[in-house]
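Presented below is the structure to which this report refers.
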Amino acid sequence: MSNPSVRFVRLPTLREHWRGGAFSRRIVMRMLEGISTGTLTVVEEGSRRVFGPGNGPEAVVHVHSDEVFASLLRSGIVGSGEAYMQGLWSSPDLVAVIRLFSANMQAMQAIDSNASWSKKLVRKLMHIGNANSKTGSARNISAHYDLGNDFFSLFLDPTMMYSAAVYPRADAVLEEAAVHKLDLLCQQLELTPEDHLLEIGTGWGGMAIHAATHYGCKVTTTTISQEQYEYARDKVAEAGLQEQVEVLCRDYRELQGQYDKLVSIEMVEAVGHQYYGEYFSRCSHLLKPGGLFAMQAITVQDQRYSQARDSVDFIKRYIFPGGGLPSIEVISGHLARGTDLQIVNLRDITLDYARTLADWRERFLAAREEVAAQGFDRTFERMWEFYLCYCEGGFRERIISTVQITMAKPGYRFQQ
């Protein structure tokens, strides 16, 4: 007599039961009751629940799978982004969802605190492994910018400025605002044809070419992205500026000499918290007496700096490995302790960045077919959509900010 076949059925573990299905849903719904600002409407098949008093952002979320709730319990707010990438939920206004999250940080932190400690530990260890040493910086920059120049050209303006534009008028378009931003920085630097300007963080060469063309100065600009280096070098040659603009592929820690002026546009976010002192000290040493340093930077609230530094959010996990935001207090502290630089001007352009991101997102979504043609799948597309909305919502609620800071060396006198 032959033995009957035996089929083993794997039962869910207690942890899997807790993290999946109906249980996860109940826990998350209970946490959402902590929303104290605005309104969140959660739409599921055959049901609709409303959370919040309605005195702020109004957002709607359509849940397509209960796995959304399990993802939130496993990975906190990072899990919401991961679930969006997988198409497990959607919203008619994703920015409104992010704004609601940002306006209810206490409730969101409750969700994050409930996330699996092992998941948070893995993310933390991965981020520590992305430290911005010279080797690490090159690897981290490559992970983002070397997606390819063709990819970024799909949504950036023709100057290829991947940083906050500044809109001079309500009806200004992105390209005009990008150029206006460059002029503001050049004016803060009081550039003249006699100046030698150093730029740390070339991008695709827009600032270097603009300063040389419109202000007549000599420019040395450096990047550690091979893709950007080659692109900027070619653009300089196309503009006939080879004698005026020098493009380097070199880490800022390797730069020597002294310059009249220095500019760095949204590069400090890639420096890394443990290297801020070295970065600002190096910038100070690279400036001549009386020189000016203009820096555009994304910052986090002073009160949230430590928490942001010690956690790994969606941006650090999926977009900018090794990234991190300073606060105004952290910047001024490093300037005071390690340099002789003095802040002489600070301009807030936070809402301009929110508008810039909205313009980028509109262009990005309009180029979906081109994104796919470059080999990027739907998950990647949704990741980038979430990233752009994540940043825009944070800026609109001022959880993060953007500033232009001008610093001066001893001996500087304002030019009348």
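The numbers here are math on the coordinates, done by the rules we state, and not lab data. These figures come from a predicted structure and were not determined experimentally. Don't worry about glycine lacking a Cβ; one is built from the backbone with ideal geometry, like all the others, and counts go over all protein chains shown.
In the chain, the longest principal axis of the Cα atoms and the axis of helix 21-32 are about 50 degrees apart. Distance between the modelled labels on Glu369 and Ala237, one decimal in nanometres: 3.3 nm (7 Å Cα→Cβ projection).
With both labels modelled 7 Å from their Cα along Cα-to-Cβ, the Gln303 to Glu278 distance reads 3.4 nm. Evaluating 6.51 cos²θ - 1.76 cosθ + 1.60 at θ = phi - 60° for every residue in segment 276-290, the Karplus couplings come out as 4, x, 5, 5, 5, 5, 5, 4, 5, 5, 7, 9, 6, x, x Hz, glycine and proline recorded as x. Protection proxy ranking, highest mean first, for peptides 256-269, 43-56: 256-269, 43-56, where packing is the per-residue count of other beta-carbon atoms within 10 Å, averaged.
Rounded to the nearest 0.05, what FRET efficiency do Asp377 and Gln187 have when you use their Cβ-Cβ distance and R0 = 45 Å? Mind showing how you got there, number by number?
Values: r = 44 Å, r/R0 = 0.97.
With R0 = 45 Å, the Cβ-Cβ based efficiency is 0.55.
With the cut-off at 19 Å, tell me which of the pairs Lys261/Lys288; Lys235/Lys261; Lys235/Lys288; Lys181/Lys316; Lys288/Lys409 have Cα atoms farther apart than that. With Cα atoms farther than 19 Å apart: Lys235/Lys261; Lys235/Lys288; Lys181/Lys316.
Ordering 400-412, 77-89, 361-373 by mean Cβ neighbour count within 10 Å, with the highest value first, yields 77-89, 400-412, 361-373. Phi angles of segment 198-211 translate, via the Karplus equation with coefficients 6.51, -1.76, 1.60 and θ = phi - 60°, into HN-Hα couplings of 9, 10, 9, x, 5, x, 9, x, x, 5, 4, 5, 5, 5 Hz per residue; Gly and Pro are given as x. The calculated FRET efficiency for the pair Gln106 and Arg169, based on their C-beta separation and a Förster distance of 35 Å, comes to about 0.40.
In whole percent, what relative contact order does segment 230-387 give with Cα contacts below 8 Å and a gap of six or more residues?
Numbers: 127 pairs, mean separation 32.4, N = 158.
Once divided by the residue count of segment 230-387, the mean separation gives 21 percent.
Highest first, please rank the peptides 382-389, 164-171, 202-209 by the mean number of other Cβ atoms sitting within 10 Å of their residues. Show your work: numbers first, answer last.
Details: 382-389: 20.5, 164-171: 17.0, 202-209: 25.9.
Answer by packing, highest mean first, reads 202-209, 382-389, 164-171.
Each of Glu58 and Asp93 was given a label point 7 Å from its Cα along the Cα-to-Cβ line. The distance between the two points is 0.7 nm. Across segment 157-167, rounded Karplus estimates of 3J(HN,Hα) from the backbone phi angles (6.51 cos²θ - 1.76 cosθ + 1.60, θ = phi - 60°) give 6, x, 7, 6, 8, 9, 7, 4, 7, 10, 8 Hz, Gly and Pro being marked x. Between the alpha-carbon centres of segment 394-408 and segment 349-393 there is a gap of 21 Å. Rounded to the nearest whole angstrom, the semi-axes of the ellipsoid equivalent to segment 155-266, taken from the Cα gyration tensor as √(5λ), stand at 22, 16, 13, largest first. With a Förster radius of 25 Å applied to the beta-carbon distance between His285 and Ile343, the computed FRET efficiency rounds to 0.90. A cut-off of 5 Å between modelled amide H atoms, ignoring neighbours fewer than 5 places along the same chain, links Glu266 with Gln296, Ala297.
Report the relative contact order of the chain, percent, no decimals, based on alpha-carbon pairs under 8 angstrom and at least 6 residues apart.
Working: 754 pairs, mean separation 68.1, N = 416.
Computed over the chain, the figure is 16 percent.
Remark on segment 134-408: hydrodynamic radius 19.0 angstrom, per the Kirkwood mean of 1/r across alpha carbon pairs.
Consider all pairwise Cα distances in segment 14-115 and report the whole-number % of them above 20 Å. Value for segment 14-115: 30 percent of Cα pairs lie more than 20 Å apart.
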